[in-house]
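K.L.:
I have a structure here, written as structure tokens, and I will follow up with some questions on it.
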Amino acid sequence: MVTTFDFDSTLTRVRLDDDYGLRYMGPNKPVIEKLKQHARNGDVVYIVTSRSEHLEDNLPELDEYGRIIVHAVEDFIDEHGLRSYIEGVHFTNGKLKASTLNHFGSTLHYDDDTEEIAALHPDTGSVHINPETGNMQHA
């Protein structure tokens with residue numbers, strides 16, 4: 001089985017910030033544990049993000065106090081020991097993820113974006129991550 005995970009507001013927690021827009025608040029530990037569980041169960045796991053890959057070179061973005069505002073995907077993976085659990089990372093560069101997920105043969109996708117979930121192929125199951133709480137809910 002192939003299982004895919006969104007990055008922002010799914011594997012990470014973010015909140016609105018008056019000065020910076022969205023601010024990185026840390027890992028979403030229950031979802032990270034789910035990713036690891038899928039991998040341990042023999043699933044092939046990918047992180048699929050709508051971020052633009054070319055912008056990753058400028059990350060992490062820090063505030064004036066040296067705190068992370070926007071985390072780099074690869075740095076986050078290394079920081080949280082996820083490298084051995086994932087097959088790879090794919091950037092859709094602003095496009096909906098559905099065709100990429102179909103390409104990988106994803107049978108289950110975790111995402112906070114209801115538009116992304118609504119666009120999924122009917123054979124792809126989904127788990128909605130509440131962007132406010134970080135909680136998981138099967139869609």
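K.L.:
On the basis of being touching a Phe, Trp or Tyr at 6+ places or on another chain (Cβ under 6 Å) and assigned to a strand (DSSP E or B), does THR10 make the cut?
P.N.:
no
K.L.:
Condition check: over 11 Å from THR4 (Cβ atoms), out of contact with any strand residue (DSSP E or B) (no Cβ under 7 Å at 6 or more places or on another chain) and of a type outside the set (Lys, Arg). Does HIS138 satisfy that? Explain how you work it out, then say what you get.
P.N.:
Details: over 11 Å from THR4 (Cβ atoms): yes; out of contact with any strand residue (DSSP E or B) (no Cβ under 7 Å at 6 or more places or on another chain): no; of a type outside the set (Lys, Arg): yes.
No.
K.L.:
Suppose we filter segment 45-59 for residues that are surrounded by fewer than 17 Cβ atoms within 10 Å (Cβ to Cβ) and either modelled with pLDDT of 95 or more or of a type in the set (Asp, Glu) (or both); how many remain?
P.N.:
Total meeting the criteria: 2.
K.L.:
Out of the residues in segment 46-74 that are of a type in the set (A, V, I, L, M) and over 20 Å from LEU96 (Cβ atoms), state the one that is nearest to the chain's Cα centre (by Cα).
P.N.:
ALA72
K.L.:
Conditions: (1) in contact (Cβ under 8 Å) with a residue 24 or more places away in the chain; (2) surrounded by fewer than 18 Cβ atoms within 10 Å (Cβ to Cβ); (3) not in a strand (DSSP E or B). THR107 meets all but one. Number of the miss?
P.N.:
All conditions are met except number (3).
K.L.:
Of all residues being closer than 15 Å to VAL48 by Cα, touching a His at 6+ places or on another chain (Cβ under 8 Å) and among the aliphatic types (A, V, I, L, M) in segment 116-136, which is surrounded by the fewest Cβ atoms within 10 Å (Cβ to Cβ)? Just the residue, please.
P.N.:
Out of the qualifying residues, it is VAL127.
The values are calculated or read from the model by the stated rules, or taken from the named source; none is laboratory data. As the structure is a computational prediction, the values presented were derived from the model and not from experiment. Please note: Cβ atoms are built from the backbone with ideal geometry, for glycine as well, and neighbour counts cover all protein chains shown.
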